[in-house]
Amino acid sequence: MFHKLFVETVLLDPISEQPILILKTDGGDRVLPIWIGPGEAQAIVLELQAISPPRPMTHDLLCNVIKSLAGKLTRVDICDLKDNTFYAELVVQKGNEEVRIDARPSDAVALAVRFKTPIYVAEHVLSEASHSLNSPSLSNSLEKWLSSLSVEDFGKYKM
């Protein structure tokens, strides 16, 4: 079973200074934080802010390749978590054929925001790696930090 996710924001981890992609469940009660690289963070944030670079970035190039080959990105699945590493698949429709392509979640999300394609996460990944925003006892420091964020805190990742 898969659950739909939305990109909430990209934040900068105050401890490691690494970007964190914050995905939120459709119901808004759980968040899935994924630490990503600065290049992928920039690609996601630029698209979310509707900023077009003067030349295509790598993710724009891949979008152009998929389109020029008569393909359509129909969904992104964050399908597994092994040894603290997330795995994702791009689901591309080409004619009557569905092609699944292994991808890093950060790259997959960068493409999803460009194609305005839904993002899904497998139940077992969500159970293992997400954090409840309604948990009565927040024991984990990440959960405490995420639950304390206000709307003003979002979108502070700088290019």
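Readers should treat all values here as calculations from the given coordinates under stated rules, not as data from a laboratory. All values derive from a computational prediction rather than experimental measurement. Cβ: placed from backbone, ideal geometry, glycine included. Neighbour counts: every protein chain shown.
Structure data summary
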| quantity | calculated |
| --- | --- |
| Residue list for region 1-55, restricted to those being among the charged types (D, E, K, R), in contact with a strand residue (DSSP E or B) (Cβ under 7 Å, 6 or more places away or on another chain) and not in a loop (DSSP other than H, G, I, E, B) | 4, 8, 24, 30 |
| Selection status of residue 27, without any contact (Cβ under 8 Å) to a residue 60 or more places away in the chain, over 16 Å from residue 119 (Cα atoms) and not β-branched (Val, Ile, Thr) | no |
| 1 or more residues over 15 Å from residue 25 (Cα atoms) and charged (D, E, K, R): qualifying strands (runs of 3 or more DSSP E) within region 56-140 | 71-82, 85-94, 97-103 |
| Filter result (under 23 Å from residue 125 (Cα atoms) and surrounded by fewer than 15 Cβ atoms within 10 Å (Cβ to Cβ)) within region 88-97 | none |
